[in-house]
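First comes the structure, then the notes that go with it.
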Amino acid sequence: MSEHLLVAAGFGGQGVMLIGQILATAGMFDNKHTTWLPSYGPEMRGGTANCTVVVSDEPIASPITNTPNELIIMNIPSLIKFEKEIQSDGLMVINTSVVDRDTIRDDISIIKVDANAIAEKLGNLKVANMVVLGAYLKKTGAVTLEGVKRALEKKLTGSKATLIDLNIKAIEEGMKSVT
Amino acid sequence: MAERIMVKGNEAMAEAAVRAGCRLYFGYPITPQSEFTEYMARRMPEVDGVFLQSESEVAAVNMVYGAACTGHRVMTSTSSPGFSLMQEGVSYIAGAMLPAVFVNVVRGGPGLGDIQPAQSDYFQSTKGGGHGDYHLIVLAPGSIQEAVDLMETAFRLADNYRVPVMMLADGMLGQMMEPVVFPEYVKLDGINDHSSWALRGTDGREPHKVTSFDIDPVRLEEMNTETHKVYEEIRSKEIRFETHDLEDADYILVGYGTMGRILGSVVKMARKQGIKVGLFRPISLWPFPYDELKKAAKGKRFCTVVEMSTGQMVEDVRLSVEGALPVHFYGRTGGMVPTPDEVFKELVRLIG
């Protein structure tokens, strides 16, 4: 796919905005065109949150879509909201640790990741988002792991810099989970 | 190539203003613009500038008025309800012929509205939101890079013409991120000489007077006529717009700012299906590219204007084409953003 139109969605606090920012920033380091658009509003931890990321070889006109070709789904409300919108032959990555039901769509590729369990094994539930990102990257190759590492270095600075290795490990474990 | 940096629209515009030589910022936080104010709070002390968070937008615009009297590069940023509060000051600044830059990161209205993206402040921005015979130069960037590049233009135009300039953005442009290359810092020596009129102390010279007031209608008319000569010059020299795929097009889409950018995707979708559509994107909303749009529309079957409003710029489009072809309108309001798919569907419906 030359153009990735991704919506990443979940509960506030699950780190879906970070998934999008890391992906978009990695795209920039890979010399691609890229945009990150957050849903924003009176959001709160536990509410729903999503962002739209476009990664493309060509200049991006619209940073918004209601027909994504890729979805990262971190909770059930997001599954219900976005499964109707994804294009046929699209890709849906589901965090099955939280989403305990199947999609109604049978015309798309589906990757299931037990992301919370994998993150807990790594010792930090918070990196479940990076596990899911890893699974997504393994399947799509949207951006390079090198680009992702550079993006993490840009994003996690100061006292958070110590978390870079853990996040990379989580991405690698997510990649391994896709067979 | 200079380094590309992933940055939010609000922060990118603020950094661009600093690089354009703005050292005086007065503002009051309001969503979806607040990162602009926050960025300036951190950045201005680093460049020996002034950051002042006022007690309200009314205070902020009057601080801009006062600071603009010194002839230095000064600005504020806000979002729709905040810009409404500023209108009295904007009118005074325009009346006194002072350079200043305003950024409006537009949100849903009217009233308190909501905090989602909108383009419903077009009338207010281009037709004079305050009282009296005045105009702002209004620039509408379609991407973060364009917003960055236009920021220096905004300050330069304000300086050259002594006219306040508005950067009309929207919540989407303010909140999204994309890679940006920042320009070098502007060297202000020699381009910012306002010593003939600025208020910087009267040591060794006669006092200057900066005012929007004259009790004598004969003199006030003269003052306004002088201002309008400047507006005429701006009309003849500062039209900005962009076109895509217009040459062989049967239909024209017209949109500005973020919406203009989204329409680029509609053009691609249509062309893939063999529908010949072109795009006209006004960048200067005042002065509006009336003649250029009229020329572009010649021989086309119809024109569709798309806005995040119930229809404002469409009136200027109708004035441009002078009835030469049908002008349709499609809009969403209240913070809803038309997607490429829904605009494409509307286009197909109109073609019939």
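Only the coordinates and a few stated rules stand behind these numbers; no lab work does. Because the structure is a prediction, the values reported are computed rather than measured. Cβ: placed from backbone, ideal geometry, glycine included. Neighbour counts: every protein chain shown.
Couple of notes before you dig in:
- Gap separating the Cα centres of the stretch A:31-92 and the stretch B:263-278, nearest whole Å: 23
- Paramagnetic reach from B:I191 in the stretch B:83-109 [backbone N under 18 Å; point 7 Å along Cα→Cβ]: B:99-102
- Centroid-to-centroid separation of the stretch A:115-149 and the stretch B:199-218 [C-alpha atoms, Å]: 65
- The trypsin sites (Lys or Arg not before Pro) found in the stretch B:35-136 that occupy coil by DSSP, while having at most 16 further C-beta atoms within 10 Å, are B:K127.
- Spatial separation of Cα centroids for the stretch B:324-344 and the stretch B:8-84, in angstrom: 32
- Each DSSP beta bridge with both residues in chain B is either parallel or antiparallel, and the antiparallel ones are about 25%.
- Only Cα pairs under 8 Å and 6+ residues apart enter the sum, and on that basis the relative contact order of chain B stands at 18 percent.
- Straight-distance candidates among the lysines for linking to B:K300, with alpha-carbon spacing under 22 Å and chain neighbours fewer than 8 residues away dropped: B:K268, B:K272, B:K276, B:K345.
- Residue among B:S309, B:P287, B:G264 farthest towards the positive dipole end of the stretch B:242-351, charges placed on Cβ: B:G264
- Short-range pairs are left out: with C-alpha atoms under 8 Å and at least six residues apart, the relative contact order of chain A is 23 percent.
- Taking the DSSP beta bridges with both ends in the stretch B:242-351, the antiparallel portion is around 20 percent.
- Angle between chain B longest axis and helix B:9-19 axis [Cα atoms, degrees, rounded to 10]: 40
- Sequence-distant contacts, meaning Cα pairs under 8 Å at least 6 residues apart, place the relative contact order of the stretch B:242-351 at 28 percent.
- The C-alpha atoms of chain B define a longest principal axis, and helix B:217-237 lies at about 50 degrees to it.
- Residues with amide H under 5 Å from that of B:F302, placed H, sequence gap 5 or more: B:I252
- Built amide H within the under 5 Å cut-off of B:G334, gap 5+: B:G109
- When both bridge partners sit in chain A, DSSP labels roughly 55% of those beta bridges antiparallel.
- Eligible lysines near A:K169 by straight Cα distance, threshold 18 Å, same-chain separation 8 or greater: A:K121, A:K126, A:K138, A:K139, A:K149, A:K154, A:K155, A:K160
- Over chain A, DSSP H runs of length four or greater, each weighted -39,500 (n - 2.57), average out per residue to a 222 nm ellipticity of -11000 deg cm²/dmol.
- Inter-chain Cβ neighbour count for B:257-265, averaged per residue, equals 3 (cutoff 10 Å, partner chain atoms only).
- Theoretical FRET efficiency, 1/(1+(r/R0)^6), r = Cβ-Cβ of A:E58 and A:K154, R0 30 Å, to 0.05: 0.80
- Prolate/oblate/rounded call for the stretch A:3-176, Cα gyration tensor, a/c under 1.5 rounded: rounded
- Under Karplus coefficients 6.51, -1.76 and 1.60, residue-wise ³J(HN,Hα) of the stretch B:137-149 in Hz, glycine/proline x: 6, 10, 10, 10, x, x, 9, 5, 4, 5, 4, 5, 5
- Cα-based helix-to-principal-axis angle, B:34-43 vs chain B, degrees rounded to 10: 40
- Based on DSSP H segments of at least four residues, each scored -39500 (n - 2.57), chain B has a per-residue ellipticity at 222 nm of -12000 deg cm²/dmol.
- Counting only aspartates and glutamates at least 8 places from B:K229 when in the same chain, those with an alpha carbon closer than 18 Å to its own are B:D133, B:D159, B:E221, B:E238.
- Spin-label model, B:D48 to B:K127: label points 7 Å out along the Cα-to-beta-carbon direction sit 4.6 nm apart.
- Loop trypsin sites (Lys or Arg not before Pro), the stretch B:240-310 (other Cβ atoms within 10 Å of the site Cβ: 14 or fewer; DSSP): B:K298, B:R301
- Max mean-square fluctuation residue, GNM over chain A, Cα-Cα springs under 10 Å, options A:P38, A:P59, A:P68: A:P59
- Magnitude of the charge dipole for the protein assembly as shown, about its Cα centre and with charges confined to Cβ atoms of Lys, Arg (+1) and Asp, Glu (-1), is about 900 debye.
- Under the simplified labelling scheme, the B:F213-B:E226 pair shows an inter-label distance of 1.8 nm, with each label point 7 Å from Cα along Cα→Cβ.
- Annotation note: trypsin sites (Lys or Arg not before Pro) in the stretch B:201-235 located in DSSP loop regions with a Cβ neighbour count of at most 13 within 10 Å are B:R205, B:K209.
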